[in-house]
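What follows is one structure encoded as structure tokens, with my remarks underneath.
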Amino acid sequence: MTLRIAILGAGRIGQVHARAVSSTQNAQLIAISDPMAETAKQLSDAYGCDIRSIDKIAASDDVDAVLICTPTNTHADLIEQFAKAGKAVFCEKPVDLSLDRVRDCLETLKAENATLMVGFQRRFDPDFMALKQAIDDGRIGDVEMITLTSRDPGPPPYDYIKVSGGIFRDMTIHDFDVARWLLGEEVESVQAAASVLTDKKIGELGDYDSVNVILTTASGKQCTITNTRRATYGYDQRIEVLGSKGSVSAENHREANIEIADGTGYVRPPLLNFFMSRYVNAYANEIASFVDAVTNGGVTPTTGHDGMMALALADASLKSVAEGRVVKISEVLRSA
């Protein structure tokens, strides 16, 4: 069976997913929708697909699934529209910036018996997958402590920061998902600290640019997350997991995996400098997993529940910063 796919949104992430669809077995890109006619045409010309309106795609018999790559404030409405139209849905994170709205959306999906996969591409990075497999194989014993380092080379545009929901919901949310995936049990409490260290304008917009978070499970497992919007040396993405029998780590990706040694010392090439180049293989694996789940009737690897729990951790982190205390996840889930 070939899964016939339409992409909503022809921006940079839509372009990444179009490339992934084109390289995935049993997948065909049928149509693209974007209000920017020139952007849509570029993608249509590159991949030989139609340009259609969102409503036309929803009514199209030759489209089985959609990839939602539109602005965040459109996600929940589009998920519901296409679930009711009988299409399988892949949606970039987050489902929405409101836990209440996410919960309502998931109820609609349940009523429609619809498929939703939320885009958390880091789970599909080959190195991170190998790290997870080492944990599952018992190589390091029981997981006890995790350290996640995620540092961007620079901040996104100010206009994006205004609508992003803030660093916890936009950036750290990926680390929250990875933490849940690696810990193997739900997080019970969050303690977070946040500052504006790299750009005063970010603070004026009501956001932070430098954060640290400690997640703790009911059994006492801990995960420490460190994020910043400024890493002058490149896109810093590392994981270390300490277990009862040892540890496993995943290091950064560089422009070339070499090291030069001479009379001045040791020199290595710089880190990759952008998330789309760092996670090319992850995005391809992610879409392949979505196609496989839909065509074979399986459960998607990242679900609407995963999206909701990552957002809950973001909300708990904001509450922890505002109130200067440890916050139970049940507090934000109960109030939503």
Item to check | Every residue from the range 50-62 that is touching a residue at least 24 places away in the same chain (Cβ under 8 Å) and assigned to a loop (DSSP other than H, G, I, E, B) | outcome: Arg52, Ser60, Asp62
Checklist outcome for this item: Exactly one of Ala111, Ala134 is surrounded by fewer than 20 Cβ atoms within 10 Å (Cβ to Cβ) and either on the phi > 0 side of the Ramachandran plot or in contact with a strand residue (DSSP E or B) (Cβ under 9 Å, 6 or more places away or on another chain) (or both), and that residue is Ala134
Item to check | In the range 235-252, the residues that are of a type outside the set (D, E, K, R), in a loop (DSSP other than H, G, I, E, B) and surrounded by fewer than 19 Cβ atoms within 10 Å (Cβ to Cβ) | outcome: Ser244, Gly246, Asn252
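Let's see how each residue does on (1) assigned by TED's automatic domain parsing to the domain that holds Trp181; (2) in contact (Cβ under 8 Å) with a residue 24 or more places away in the chain:
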{"site": "Gly243", "(1), (2)": "yes, yes"}
{"site": "Ser249", "(1), (2)": "yes, yes"}
{"site": "His253", "(1), (2)": "yes, yes"}
{"site": "Gly263", "(1), (2)": "yes, no"}
{"site": "Leu271", "(1), (2)": "yes, yes"}
{"site": "Val291", "(1), (2)": "no, yes"}
{"site": "Val294", "(1), (2)": "no, yes"}
Checklist outcome for this item: Selection from the range 301-318 of residues surrounded by fewer than 20 Cβ atoms within 10 Å (Cβ to Cβ) and more than 16 Å from Glu186 (Cα to Cα) yields Pro301
Next on the checklist: As an exercise: evaluate Asp127 against (1) under 22 Å from Ile7 (Cβ atoms); (2) not assigned by TED's automatic domain parsing to the domain that holds Ala10 and give the number of the one condition it does not meet.
Outcome noted: (1)
Checklist entry - For the range 26-36, does any single residue satisfy the condition of being in contact with a strand residue (DSSP E or B) (Cβ under 9 Å, 6 or more places away or on another chain), surrounded by fewer than 20 Cβ atoms within 10 Å (Cβ to Cβ) and in a helix (DSSP H, G or I)? => result no
Next on the checklist: Val280 - would you say it is within 22 Å of the chain's Cα centre (by Cα) and modelled with pLDDT under 95?
Outcome noted: yes
Next on the checklist: Between a residue in the range 149-178 that is over 13 Å from Ile202 (Cβ atoms) and any residue that is surrounded by fewer than 20 Cβ atoms within 10 Å (Cβ to Cβ) and among the aliphatic types (A, V, I, L, M), which pairs come within a Cβ distance under 7 Å, given they are 6 or more apart or on different chains?
Outcome noted: Arg151/Ala231; Pro153/Ala231
Next on the checklist: Where the second residue is assigned to a helix (DSSP H, G or I) and crowded, with 23+ Cβ neighbours inside 10 Å and the first is basic (Lys, Arg) and lies in the range 1-22, which pairs have Cβ atoms under 6 Å and are six or more apart or on separate chains?
Outcome noted: none
Checklist outcome for this item: Note: among Ser247, Ser210, Ser195, just one is polar (S, T, N, Q) and either more than 25 Å from Phe274 (Cα to Cα) or touching a Pro at 6+ places or on another chain (Cβ under 9 Å) (or both), namely Ser247
Checklist entry - Of all residues in the range 49-78 being in contact with a strand residue (DSSP E or B) (Cβ under 8 Å, 6 or more places away or on another chain) and surrounded by fewer than 14 Cβ atoms within 10 Å (Cβ to Cβ), which is farthest from Glu286 (Cα to Cα)? => result Ser53
Checklist entry - Can you find even one residue in the range 156-178 that is small (Gly, Ala, Ser) and closer than 29 Å to Gly297 by Cα? => result no
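The values are calculated or read from the model by the stated rules, or taken from the named source; none is laboratory data. Keep in mind the model is a prediction, meaning the values are calculated, not measured. No Cβ is skipped: glycine too gets one built from the backbone with ideal geometry, and neighbour counts run over all protein chains shown.
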